[in-house]
1. Report yes if some residue within the range 281-303 is assigned to a strand (DSSP E or B), among the small types (Gly, Ala, Ser) and at pLDDT 90 or above; otherwise report no.
2. Quick one: which residue in 48, 25 is β-branched (Val, Ile, Thr), within 16 Å of residue 80 (Cβ to Cβ) and away from the ligand (no atom under 14 Å from the Cβ)?
3. So which residues in the range 288-310 are in contact with a helix residue (DSSP H, G or I) (Cβ under 9 Å, 6 or more places away or on another chain) and either touching a residue at least 24 places away in the same chain (Cβ under 8 Å) or buried (at least 17 other Cβ atoms within 10 Å of the Cβ) (or both)?
4. For the range 25-104, please list each of the strands (runs of 3 or more DSSP E) lying entirely inside it that holds at least 2 residues being over 21 Å from residue 154 (Cβ atoms) and in the same structural domain as residue 167 (by TED's automatic domain parsing).
5. Looking at (1) outside any helix (DSSP H, G or I); (2) more than 16 Å from the ligand (Cβ to nearest atom); (3) buried (at least 21 other Cβ atoms within 10 Å of the Cβ), find the lone condition where residue 164 falls short.
6. Which of (1) buried (at least 19 other Cβ atoms within 10 Å of the Cβ); (2) away from the ligand (no atom under 16 Å from the Cβ) is the odd one out, the single condition residue 205 does not satisfy?
7. Let me spell it out: the conditions are (1) of a type in the set (Gly, Ala, Ser); (2) buried (at least 17 other Cβ atoms within 10 Å of the Cβ); (3) out of contact with any Gly (no Cβ under 8 Å at 6 or more places or on another chain), and residue 314 meets all of them except one. Which number is the exception?
8. So how many residues does the range 335-365 have that are buried (at least 18 other Cβ atoms within 10 Å of the Cβ) and farther than 16 Å from residue 284 by Cβ?
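The values are calculated or read from the model by the stated rules, or taken from the named source; none is laboratory data. Please read all numbers here as calculations on a predicted model, not as lab measurements. Virtual Cβ from ideal backbone geometry, glycine too; neighbours counted across all protein chains shown.
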Amino acid sequence: MLQFDHVSKRYPDGTLAVDDLHLEVEEGELVTLVGPSGCGKTTTMRLVNRLEEPTSGRILLGGEDIASQDAVRLRRRIGYVIQQVGLFPHRTVLDNAAAVPLLLGRRKAEARRRAAELLELVGLDPAVYGGRYPDQLSGGQRQRVGVARALAADPPVLLMDEPFGAVDPVVRERLQNEFLRLQAEMRKTVLFVTHDVEEAVRLGDRMAVFGQGRVEQFDSPAAVLGNPANDHVAAFVGSDRGLKRLSVTPVEKGDLERPPVVHLSDPMDRAAALMRADGVRWAVVLDEREALHGWVPIPDAGGSDVVGPVAGYARRMDATLPLGASLKQAFSTMLQYDAGWIAVLDPRDDDRFLGVLTPSGLHEALRRSIDADARAVARSAVDLDAVSGA
Ligand SMILES: Nc1ncnc2c1ncn2[C@@H]1O[C@H](COP(=O)(O)OP(=O)(O)OP(=O)(O)O)[C@@H](O)[C@H]1O
């Protein structure tokens, strides 16, 4: 989809900002470019929409060399979001979001309708925010308008240069989540520049770790964290990369425990018998629609008679997680609810209850992912031996 074919960029003063970049981004893929300040990330982006021209090499978009395309037409096929959003200060939010469709020759009413849809999409109610001016918004809201504007022409490619860099960490995480949700639907081809490793890891299908003008490693976040290509990459991703792995390792079905399951309408004495038979102290409670209600503890053996349905004894449980969520989310949910377990639901099957994740399940899941790395390292060691022995 987007290929850098041995691209270099030397500025007139002699600075070599991009050095023989060779990279292929697949259609619908989100690639993060991460690296220390001045390593050439922004220059790489600006080469794609021809705000800069390469000194050598070619950039192909959908197989076509962009050098042979009209720069203005090219830019209309590429959404560009930057940190200093660059909204027009004297135009309303709605008109800012409508700017690109208007440029593309849409009629005003149609451009505004599209702009309102996009504001809605990025979580800004057009009725509330559409008439405001950029300086009447928070930093995070301005960023959202920037994203809406970049999406307005429905471009196949999005370039995002530190788009969430100027907001505080909490807002940043929210914008990241919203953007991931949008991207799951839109499947744009995205180049996303950041100098924040956590952000690169969370968002990227793959991440390109830049050294001075060169890509040192281009791989999935889990592979980069688990198996850094060299000392520079290892130092850059940080000595806490084990912890960072939490955010790229998903909760899988095999990590779950399956305690006894009862329903709100079941007789409590039968539920208690089930728990005793299983040798456990609690059971998961579902309602009549098979949705999670909560849990019920085993009644005291010497306590008063157990009568009536489970509903009279059940407690609610709000600590839930969709299957496929990250171990980091799981850990954070456990802490937030101070819970010894969390219920895992299937988002693709109407949030059906699948099982529970406990701290020991979480530990096992982390071990699983680190073991997978160890196997990968062992494999590459064997390959190297084979090469040197040949
Ligand atoms: N117009 C220019 N003329 C000369 N040198 C430039 C120009 N623009 C950028 N550079 C240099 O090119 C190198 C790469 O800059 P670039 O902005 O691409 O880096 P970056 O990785 O995006 O950095 P940051 O994370 O700080 O934004 C730097 O050494 C920078 O000083």
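1. Checked the range 281-303: at least one residue is assigned to a strand (DSSP E or B), among the small types (Gly, Ala, Ser) and at pLDDT 90 or above.
2. After ruling out the rest, the residue left standing is 25.
3. Let us first name the residues in the range 288-310 that are in contact with a helix residue (DSSP H, G or I) (Cβ under 9 Å, 6 or more places away or on another chain), namely 293, 296-299, 301, 305-310.
Across the range 288-310, the qualifying residues are 293, 296, 298, 299, 306, 307, 308, 309, 310.
4. Numbers: elements: 30-34, 56-61, 78-82.
It comes to 30-34, 56-61.
5. Result: residue 164 fails condition (2) only.
6. All conditions pass for residue 205, except number (1).
7. (3)
8. Here the count works out to 2.
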